[in-house]
Amino acid sequence: MGGITSSHDGMAATARKRFVKKVREISVEELSEKISNGSRLHLAKGITLLESIILQDKIAGQQLLLNLLPKTGNSIRIGITGVPGAGKSTFIEAFGLMLANAGHKVAVLAIDPSSTVTGGSILGDKTRMEELARHPNAFIRPSPSAGTLGGVHKKSRETMLLCEAAGYDVILIETVGVGQSETVVRGMVDYFMLLVLTGAGDELQGMKKGIMELADGVVVHKADGDNLRLAKKTVREYRQLLHFLQPASPGWTSTALPVSSIKNTGLEEVWTTVLSFKETMGSDGFWSGRRQSQTKDWFRSMINDRLVDTFFAEPGRKEEVAELENGLLEGRLTVTGAVERLFG
C-alpha cells in the first residue's frame, strides 16, 4: 500500500537563526594608538601580529613596530636565567610584585620550551605567576621557543619594543633555562641575572666560564629556612669566583646576593644593584653603546635567518637536497662533497 502522503502542519516555516561572530578588523594606526595608551588587550594583539607567520600579518606587524619605534628604549631590560628548578618564575613574581607595588610598570616575557617531537608548548608560566598576572601594573606574555636556541623566541626583541612603547619601564625576560647555553638573551638585555641554587653538588660548576662570564649579577635563590646558612656560604663562594672572572660589563664588578622569594628577603637589594648598574654604565656611555651593538647583532642574525629561508625557497632546491641525501646514505658522496656540489 502506498500509505499517506505527508503534508506540512500549516505553520509557516521559520528561518533558523544563525549566530555569526563579527570580527572587527582593527587598523595598524588604531592599534598603535591603543598600545601607546597602555591597553594590555591591544598590546597582546600587537605581539600576536608580530609572531604570526602569515605574510600579510608580518607586513602589518613591521608597520606597527615602525609607528611605535620613537616611543621605545625607555626601560631597564633584565634577562633572568638559571637551571630548571632554580625558581625563576617564583622569583619573577615576587620581584615583579615588589616593583609593581612601587609604581613601576612591569612586563614579563616568559619563554616556554617547545616540544622537539610535536612542536607544541604548554605556555604555563603565567599560571605560576597568578598574583602578578592580576596586578594592573603588570603584563605577562608566555611565548614558545619555537626551535630557537639560546632560550628565547625569535620575536623576543620586537615584543620587548612593543612593551616599551606601551609604557612598561621594567622588562623581565625569563629564558627556558637549560644550563650553560643561555647566551642569546645576553645580546638583548641591559642586565643579565643568573639564578643558582645551594647544594647543587657541583662546586666546579661555579668556576666554569661560559654563562658565568656573562652574568652581571648572581642570585642565590631559596635562601630561607634550613637552607639559609648554606645559602650564605654559597654567596661567599660565588663572590670569590666572580672576583677572578673578567667582568661581563667593563667597569662593573658582578656580585652574588642571597634571595628568598617566599620570605621576600633580598629583593630590594637586587633592585638597588640593578639601579646602581644602570647609573655606572650610563655615566660612561656604555649603556647606549651596548644597545647599539645589540641592534647591529640583531640585524646580522636576521640576515643569516633570511639567507637560509631564501636558499630553501628556491624552486627545485628541496628536491636537489633530497637527491644528495640519498647519495650520502648510499655511500656515493661524502658530506663535504655533497655540500660543495649543492653550492657549486
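Solvent-accessible area of ASP224, probe 1.4 Å, all protein chains present, reported in Å² to the nearest ten, please.
Only protein atoms counted, so the area is about 40 Å².
Write down Rg/Rh for the range 18-72, rounded to two decimals, with Rg from the C-alpha atoms and Rh from the Kirkwood relation over Cα pairs.
Using only Cα positions, Rg/Rh for the range 18-72 is 1.03.
Rounded if a/c is under 1.5, else prolate if a/b is larger than b/c, else oblate: which is the range 25-116, with a ≥ b ≥ c the root eigenvalues of its Cα gyration tensor?
oblate
Could you sort LEU197, LEU68, LEU275 by accessible area so the largest value comes first, with the probe set to 1.4 Å? Don't jump to the answer; show the numbers that get you there.
On the way: LEU197 55, LEU68 5, LEU275 75 Å².
Descending accessible area places them as LEU275, LEU197, LEU68.
Based on Cβ point charges of +1 for Lys and Arg and -1 for Asp and Glu, what charge dipole magnitude is obtained for the range 189-344 about its Cα centre, in debye rounded to the nearest 20? Before the final figure, lay out the partial values.
Details: 19 positive and 22 negative charges, 117 e Å.
So the magnitude is around 560 debye.
Grab the alpha carbons of the range 239-331, take their convex hull, and tell me the volume per residue in Å³.
Spread over its residues, the Cα hull of the range 239-331 gives 224 Å³ apiece.
Which value, in Å², gives the accessible area per residue of the range 260-342 when a 1.4 Å probe is used on the protein heavy atoms?
72
Measure off, as a whole percent, the carbon and sulfur share of the 1.4 Å-probe accessible area of the range 227-328, all protein chains present.
Details: 3760 of 6840 Å².
On the range 227-328, the fraction of accessible area on carbon and sulfur atoms equals 55 percent.
A 23 angstrom limit on the alpha carbon distance is what I want to check against. Which of LYS233/LYS263; LYS105/LYS233; LYS71/LYS296; LYS154/LYS296 exceed it?
LYS105/LYS233
The values are calculated or read from the model by the stated rules, or taken from the named source; none is laboratory data. All values derive from a computational prediction rather than experimental measurement. Cβ: placed from backbone, ideal geometry, glycine included. Neighbour counts: every protein chain shown. Accessible surface is based on the protein model in full, side chains and every heavy atom, while ligands, DNA and RNA are left aside. Shrake-Rupley method; radii C 1.70, N 1.55, O 1.52, S 1.80 Å.
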